[in-house]
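Novice: This is the structure, below, for whatever I ask next.
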Amino acid sequence: MAITVVGSVAFDTVETPSGRIDRCLAGAATYFSLAASYFTDVRVIAVVGEDFTEKEEAVFATHGIDTRGLERAEGKSFFWQGSYLDNLNEAKTLQTDLNVFASFNPKIPDVYRDSEYLFLANIDPVLQRRVREQMPDVKLVGGDTMNYWINDHRSNLLETLKGVDVLLINDTESKLLAGTRNPVKAAHDVLTMGPKSLVVKHGEYGATAFFSPRSFHSGVAPHPFRAPALPLAEVVDPTGAGDSFAGGFFGYIASQPDLTPEVFKRAMFYGGVMGSFTVEQFGTGRLQQLTRDEIEERFAIFRELTHLESQRS
C-alpha cells in the first residue's frame with residue numbers, strides 16, 4: 001500500500017565530533033521516504049530549487065520513490081546548517097534558509113489521491129491540514145510537529161491534530177504541547193486533542209507508545225508500550241534519526257493488511273532499526289545503501305534486547 005508524505009526536501013551542512021559534511025541531501029520528507037521505501041511504496045510532496053539536480057533525483061528513483069509531487073521552483077532549496085559539537089543529543093542551529101520552501105503550497109497530484117496512508121512531516125500545521133483535507137479517504141494519518149509550531153502556532157496546530165491518527169513527537173514536545181511536566185499525564189492530555197495514538201520519541205533511549213480506546217477496532221486501549229533504542233558505540237550524525245524512525249514505523253504499518261496492537265509494536269521496533277542505521281553516517285548516506293536483510297538482522301537484535309526467558313526459581 002502507498003504512503004504519501006508531505007514535508008521538506010533540503011540540503012544540510014552538519015558538523016559533529018566525527019567530522020563535517022557540506023550540503024548533503026536531507027529534509028524530513030527525504031529521511032522519511034528513504035526509510036519507508038524499504039517496506040512499501042512511497043510518494044513525496046515537497047518543493048525544491050534549481051540546486052536539486054539529477055544526482056539527488058536519482059537517490060529517490062533508485063529506491064522507487066514517486067517524485068511526481070516534487071515541485072521545482074526558481075531559487076534555492078531549503079537549507080539548514082547545524083552543529084552537534086557541544087551536545088550530540090541536541091543540534092545547535094547555525095543557519096536556516098527557507099528559500100523556495102518559504103512559499104511552499106503543497107499540490108497533490110491526482111495519481112496520489114488513492115494513497116492508503118498519509119504522513120504529515122514537520123511543516124506549518126496550516127499546510128498539513130490543507131493536505132489532510134484534500135485526502136479525506138486515507139486509511140491512516142501520521143503526523144509530526146516541533147516546538148516552534150507548538151509555541152507560536154498553537155491554535156492552528158490544535159486544529160490540525162484533530163485529523164491526525166498517530167502523532168510522533170519527542171518527550172519535550174509532548175510535555176510542551178500538554179503544558180505539564182509529567183510524561184504520562186502529558187501523553188493522556190495529547191490524546192484528548194485528536195490523535196488516537198501517540199508515539200513519544202526518547203532519542204537514544206527508544207520510544208514509548210500511548211493508546212486511546214480509539215486506537216484499534218477493539219475499542220480497548222492497550223497498556224503503554226516501550227521500544228528500546230540500540231546501544232551504539234559511535235553516533236556519526238543524529239540528524240534525521242526521528243524522521244527515519246517515522247519512516248520505518250509508518251512504512252511497516254503500511255506493509256501490513258491491518259493495524260493491530262501487535263503490528264503497531266513491531267512497527268516501533270522497525271522505526272528504531274531505521275533510526276539506528278541513519279546515525280551511522282552523515283546525512284542519508286546509510287539509508288541509501290541498506291538491504292532488507294540488514295534491516296531484518298538488526299530487527300532481530302532489537303527483539304533480543306527485550307526478550308526475557310521465563311525461569312522457575
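Here, each number is a calculation from the coordinates, and none is a lab measurement. The shown structure was predicted, so the numbers you read here are calculated from the model rather than taken from an experiment. Cβ: placed from backbone, ideal geometry, glycine included. Neighbour counts: every protein chain shown.
Novice: Exposure proxy check: Y148, Y117 ranked by fewest other beta carbons within 10 Å?
Specialist: Details: Y148 10, Y117 25.
By the 10 Å Cβ count, ascending, the order reads Y148, Y117.
Novice: Moving on. What FRET efficiency would be calculated for the residue pair T96, M1, taking the C-beta separation as r and a Förster radius of 51 Å, to the nearest 0.05?
Specialist: E(calc), rounded to 0.05, equals 0.90.
Novice: Shifting gears a bit: Mind sorting F119, F225 by how few other Cβ atoms lie within 10 Å of their own Cβ, fewest first?
Specialist: Working: F119 35, F225 15.
Lowest to highest Cβ neighbour count: F225, F119.
Novice: May I pose another question? Restricting to segment 1-152, compute how many DSSP beta bridges are antiparallel as a %, nearest 5.
Specialist: Counting only bridges with both partners in segment 1-152, antiparallel ones make up about 30 percent.
Novice: Would you mind computing, in nm to one decimal, how far apart the modelled labels at E297 and E71 are, each placed 7 Å from Cα along Cα→Cβ?
Specialist: Here the modelled spin labels are 4.3 nm apart.
Novice: Also, quick follow-up: State the Cα centre-to-centre distance between segment 51-93 and segment 260-286 in whole Å.
Specialist: Cα centroid of segment 51-93 versus Cα centroid of segment 260-286: 19 Å apart.
Novice: Between E304 and N182, 0.36 nm times their residue separation minus their Cα-Cα distance comes to what?
Specialist: The E304-N182 span can extend by a further 40.9 nm.
Novice: Right, another one. Given the options K196, K185, K55, state which has the largest fluctuation in a GNM of the chain using a 10 Å cut-off (strictly under) for Cα springs.
Specialist: Highest fluctuation of the listed residues: K55.
Novice: Right, next: Around S174, what is the net charge, scoring Lys/Arg as +1 and Asp/Glu as -1 over all other residues with Cβ under 15 Å from its Cβ? Please report the intermediate quantities before stating the final value.
Specialist: On the way: positive: R154, K175, R181, K185, K201, R226; negative: D144, D171, E173, D189.
Spelling it out: positives minus negatives among the neighbours equals +2.
Novice: Another question, then. Give the relative contact order (percent, whole number) for the chain; include only Cα pairs under 8 Å separated by 6+ residues.
Specialist: Across the chain, relative contact order equals 17 percent.
Novice: Would you mind ranking Y84, Y252, Y205 so that the residue whose beta carbon has the fewest other beta carbons within 10 Å leads the list? Write out the running numbers ahead of the final one.
Specialist: On the way: Y84 20, Y252 26, Y205 12.
Sorted ascending by nearby Cβ count, the order is Y205, Y84, Y252.
Novice: Sticking with this one: Just to be sure I understand, if you calculate Rg and Dmax of the Cα atoms in Å for this structure, which of (i) 20.1, 60; (ii) 17.8, 55; (iii) 18.4, 70 do you get?
Specialist: Given (i) 20.1, 60; (ii) 17.8, 55; (iii) 18.4, 70, the structure-derived one carries the label (iii).
Novice: Follow-up. Name the most mobile residue of N87, N156, N170, meaning the one with the largest mean-square fluctuation, in a Gaussian network model of the chain with Cα contacts below 10 Å.
Specialist: Of the options given, N87 has the highest mean-square fluctuation.
Novice: For each pair in K196/K265; K107/K139; K92/K265; K92/K196, compute the distance between the two Cα atoms and list the pairs where it is over 25 Å.
Specialist: Distance filter (> 25 Å) returns K92/K265; K92/K196.
Novice: Given an 8 Å cut-off on Cα distances and at least 6 residues of separation, report the relative contact order of segment 73-197 as a percent.
Specialist: Here the relative contact order equals 17 percent.
Novice: Tell me, how many Å apart are the Cα centres for segment 177-204 and for segment 1-21?
Specialist: So the separation of the two Cα centres works out to 25 Å.
Novice: With springs only between Cα atoms under 10 Å apart, run a GNM on the chain and tell me which of A178, A207, A300 wobbles the most.
Specialist: Result for the chain, Cα springs under 10 Å: A300 fluctuates most.
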